[in-house]
Amino acid sequence: MKISYNCLKKFVDFELSPQEIASMLTSIGIETSVVLGGCGWTGVIAVRVLDVQKHPNADKLSICKVSDGTKEYSIVCGAKNIATGQIVPLAETGAVLPGNFKIKKSKIRDVESEGMICSKKDLGLEMESEGILVLNEDANVGNTLESVLGEIDSVLEIEITTNRGDCLSYLGVAREIAAKLRKMISLPTVKTFNVPELHCVEIKSYLCRRYIGATISSVKVGPTPKWITDILEKSEIRSINNIVDITNYVMIELGQPLHAFDVTKLSSKKIIVRNAADLEKITAFDGKEYKLDSEMLVIADDQNPIAIAGVMGGEHSNIDDKTQTIFLESAIFDAVSIRKTSKKLNLSSDSSYRFERGLDWDATEFALWRAANLIIDIAGGKMEAREDLQNTKYEKTKVTLRVERVSKVLGYTIKEDEIAKILRFLGIDLQLKGEMILCTVPPWRNDIKEEVDLIEEIVRIKGYDAVPSPKKYEDQLYTPNNSFLSTIIEEFRFKLNGLGFSEALNYSFSEIRELEKFDLEYRYKILNPISKENEVLRPSLLPGLYKNLCLNIGHGAQTVSLFEHGKIFDDAGEKKTFAVIMYGKVWQEWWKWAEQKIGPKYDFYFGGGIIKNILPSDEFMILENLTPKSYYHSGKTASIAYKGEVVGQLGILKSSIVDNIKDDVFYCEINLDPIEKVYIEETSLYKTYSKFPVVKRDISVTADKSLQLAKIEKVIKNIMETGGILREYSLFSVYTDESKLGTGKVGYSFRLSYNNSDRTLTDEEVNEDISVLLKQLDTGLDVKLRQ
């Protein structure tokens, strides 16, 4: 949900900037970002267009002469709507636009341009826009754009968890801000009217808990005031007419969906709330026909359904220019029923999104009065009658909170008076009873049901940063009695966090379209998915991590290094899996790297080295990948094997998959089950470090170019596995000069590390071991020592 920053300030008084509000809301569990950030530019002024001429070297460009009142500029412009006499925003040379885009004097098709005439998109005022921004004729030429435009609004994007439907409105978000800042809420003023009972609504289904209807006559349907359409536009809601726009405005203002029917289009004056008949049909407001069943709730006249309750109105009864009398509806329908209906019909709306998450019992009435007030003020008319039917008795939730329980759960002490203040600012009524507090939960908080929910609210508003860090137990010896899976994950976390990686957490679901991108097949499809993005159980962690990668790159990150552990689902059922994805620069370009023109980036070798480092046992080896996944680059992939069995793969993703990303993307996915087995079989996870010195020797060998390096490495590993004195090796050079090596030859240089845990090695022992290695390379592979 997107909301206006300036409009939000009408509900609660605060001085925080949009970025500060977004950060604060995120810190209390309401994920918020600034998508349009107000004045995000410098050096932009208002200028008048004096002349527009066609560019001599480009059909779609113009050369514009503009003036700020004292100086004239020559600007190359590609906008179609540029015209002489307009006042437009000019980013002068040296100006900075959103995204740190700096304006420089440049030549465009051999014609010099002294700046840039800007669109709303260029200025960060809208996500998309066509043509340049044309300012009002009375704008003062030469003034800064921010002074010409006046107060510039920002747009916040709110993402809520499924249990916080109360935050799907300006009022709901304002309540969160007020609770954190300990401020009071300002509600819009409404007038109530003493009108007769309507006596035309009949509820025939238990799926409708409350239904309020009102008839308003003599309305005039027409255009909507700009202050409402501006707010709807920021929430990406299309303006239709003043009546419909008011119902939508009240929905995003107070969180209560409303609907208006044209009374003259109904077959009777009776409104019936009932279950649909099987195979009953309705043409909805979107122009599509839907087949209903008996589990779906509809609003009907005495002949046909006129709306799919809580989801979408019918086309037949909609408001148009000829409408004079309306029936205004505000109701509470069963959340589960609305969700099932929406999924079955594959029809979602802003209304259904709110009904599915539960509504505020009291807001149902307040929202109807608010909408009626606005309709009468804007469209004229008079409320003729009103009816409020309650199919169930509403009782507020009461929860007992033990004060000492708060400290026990959180691990630190919060005083009783502070607990009381936090809860009261959340709208919770309190009754103190000794060491206990009887809490009456407000009707908009359907998620608070137990004592632990209240404790969560306390720590959320108090601040998660106030919770003390858990004690760390150093030098813990892992034994078979420990939780081995958690041991493995903690081992991975410790190593990867030390390397600057961050942990990602994604849903266990995927979108089929995303799986097709990676040529992945799903085995389990969700019958009623929450959304299109969650329609199947994921067969790999790759789609989720790749989406995380793209999101971070989209926010300007030059380095993305993430890992995730979770379950995937394939033919064998569910598997515990661990995955790592990395992209970009390995580290920041500090002063010590200034001499290097290009800093090191994550590639196949760097990524492979990291994976080798985090593997928990020498039983794991990185080998040639004989059956690589289709999403890997064929020449840049390897497998991870445990005792000869492949348990994972790593490599660079195909360029065809990551076509919008210029550098390599490294990905590794490992099946955790065999790794867990290693921990169970081993009595301890450490080896005594030898106190005797390591002897290092370098050897250089020549081989045929056609010979795979993996075969040379296999000989070296076989020597290591025999239990000799060779402990480690590394390839540090590849030499390809055939004029010195011979035609078809390549040179490899290896660094060998020898050690004995019982004594110091002699040169003779090391030389003898090297001779054995060289002999095996020569006889088996025709690899010879380079002279």
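The values are calculated or read from the model by the stated rules, or taken from the named source; none is laboratory data. Please read these numbers as outputs of a predicted model, since none were measured by experiment. When we count neighbours, we look across all protein chains shown, and the Cβ atoms used for this are built from the backbone with ideal geometry, even at glycine. Accessible surface is based on the protein model in full, side chains and every heavy atom, while ligands, DNA and RNA are left aside. Shrake-Rupley method; radii C 1.70, N 1.55, O 1.52, S 1.80 Å.
Students sometimes get this wrong: rank F732, F604, F14 by accessible area, probe 1.4 Å, all chains present, largest first.
Descending accessible area places them as F732, F604, F14.
Please give me, ordered by residue number, the trypsin sites (Lys or Arg not before Pro) of the range 231-297 that lie in loop per DSSP and have at most 10 other Cβ atoms within 10 Å.
Here the sparse-neighbourhood loop sites are R238.
Going from most exposed to least, what order do W41, W444 have by accessible area with a 1.4 Å probe?
Solvent-accessible surface, decreasing: W444, W41.
From the helices alone, meaning DSSP H stretches of at least four residues, give me the mean residue ellipticity at 222 nm for the chain, per-run term -39500 (n - 2.57), in deg cm²/dmol to the nearest 500.
Calculated at 222 nm, the ellipticity per residue is -8000 deg cm²/dmol.
So what J values fall out for the range 172-178 if you push phi through Karplus, 6.51 cos²θ - 1.76 cosθ + 1.60 with θ = phi - 60°, rounded to Hz, Gly and Pro as x?
My calculation for the range 172-178 gives x, 5, 4, 4, 5, 5, 4 Hz in order.
Give the cross-link partners of K288 among the lysines, using a straight C-alpha distance below 16 Å as the criterion and excluding same-chain residues fewer than 8 apart.
Of all the lysines, those that pass the test against K288 - Cα under 16 Å, at least 8 places apart if same chain - are K343, K344.
Which value, in debye to the nearest 20, describes the size of the charge dipole of the chain about its Cα centre when Lys and Arg Cβ atoms bear +1, Asp and Glu Cβ atoms bear -1, and nothing else is charged?
360 debye
Would you indicate which of [x] 1.05; [y] 1.15; [z] 1.00 is the value of Rg/Rh (Cα atoms, Kirkwood Rh) derived from the coordinates of this structure?
Derived directly from the coordinates: [x].
What would the Debye equation give as log₁₀ I(q)/I(0) for the range 20-100 at q = 0.16, 0.24, 0.26 Å⁻¹, counting only Cα atoms as equal point scatterers?
So the normalised log intensities are -0.70, -1.14, -1.22.
Under the definition of Cα pairs under 8 Å and six or more residues apart, what whole-number percent is the relative contact order of the chain?
Contact order relative to length: 8 percent.
Pop out the ³J(HN,Hα) list for the range 18-25 in order, Karplus 6.51 cos²θ - 1.76 cosθ + 1.60 with θ = phi - 60°, rounded to Hz; leave Gly and Pro as x.
Each residue of the range 18-25 in turn: x, 5, 5, 5, 4, 5, 5, 5 Hz.
Which of the chymotrypsin sites (Phe, Trp or Tyr not before Pro) across the range 374-427 are loop residues per DSSP, with 15 or fewer other Cβ within 10 Å?
Answer by residue number: Y394, Y412.
Could you state the accessible area per residue of the chain in Å², with a 1.4 Å probe and every protein chain left in place?
52 Å²
Length gain on complete extension for the stretch W227 to R751, per 0.36 nm per residue less the alpha carbon to alpha carbon distance?
Length gained, W227 through R751: 181.4 nm.
Could you pull out every residue, at least 5 positions away or on a different chain, whose amide H is within less than 5 Å of the one on T400? Hs are placed 1.01 Å off N in the peptide plane, and Pro or chain starts have none.
Counting only residues 5 or more places away or on other chains, the set is C439.
Compare V695, V665 by solvent-accessible area with a 1.4 Å probe and give them largest first, with all protein chains kept in place.
Heavy-atom accessible area, descending, gives V695, V665.
For the pairs K234/K547; K547/K601; K54/K105; K398/K433; K322/K382, note any where the Cα-Cα span goes beyond 22 Å.
Checking Cα-Cα distances, K234/K547 exceed 22 Å.
How many angstrom lie between the C-alpha centres of the range 13-78 and the range 92-151?
5 Å
Would you kindly find the accessible area of F366, with a 1.4 Å probe and non-protein molecules such as ligands, DNA and RNA excluded, rounding to the nearest 10 Å²?
60 Å²
What ratio of Cα Rg to 2.2 N^0.38 Å holds for the range 323-404?
The reported ratio for this selection is 1.46.
Solvent-accessible area of K784, probe 1.4 Å, all protein chains present, reported in Å² to the nearest ten, please.
Ignoring ligands and nucleic acids, K784 comes out at about 90 Å².
So if I take the centroid of the Cα atoms in the range 237-285 and the same for the range 499-527, what is the distance between those two points in Å?
Each part's Cα centre sits 37 Å from the other's.
Can you give me the long-range amide H partners of S119? Hydrogens built in the peptide plane at 1.01 Å from N, cutoff under 5 Å, separation of 5 or more residues or another chain.
When sequence neighbours closer than 5 places are left aside, the close amide H contacts are L133.
Just want to confirm a number: the relative contact order over the range 167-301, from Cα pairs under 8 angstrom separated by 6+ residues, in percent.
For the range 167-301, the relative contact order is 24 percent.
If you average the alpha carbon positions of the range 410-440 and of the range 689-765, how far apart do those two centres end up, in angstrom?
69 Å
Of the heavy-atom accessible surface of the chain (probe 1.4 angstrom), what whole percent is carbon and sulfur?
49 percent
Loop only by DSSP, 14 or fewer other Cβ within 10 Å of the Cβ. Give me the trypsin sites (Lys or Arg not before Pro) in the range 129-231 that pass, ordered by residue number.
In loop regions of the range 129-231 (DSSP not H, G, I, E or B), the sparsely surrounded trypsin sites (Lys or Arg not before Pro) are R182, K191, K204, K220.
Round to the nearest 10 and report in Å² the accessible area of I640, as given by a 1.4 Å probe over the protein chains' heavy atoms.
Taking all protein chains as shown, I640 has close to 0 Å².
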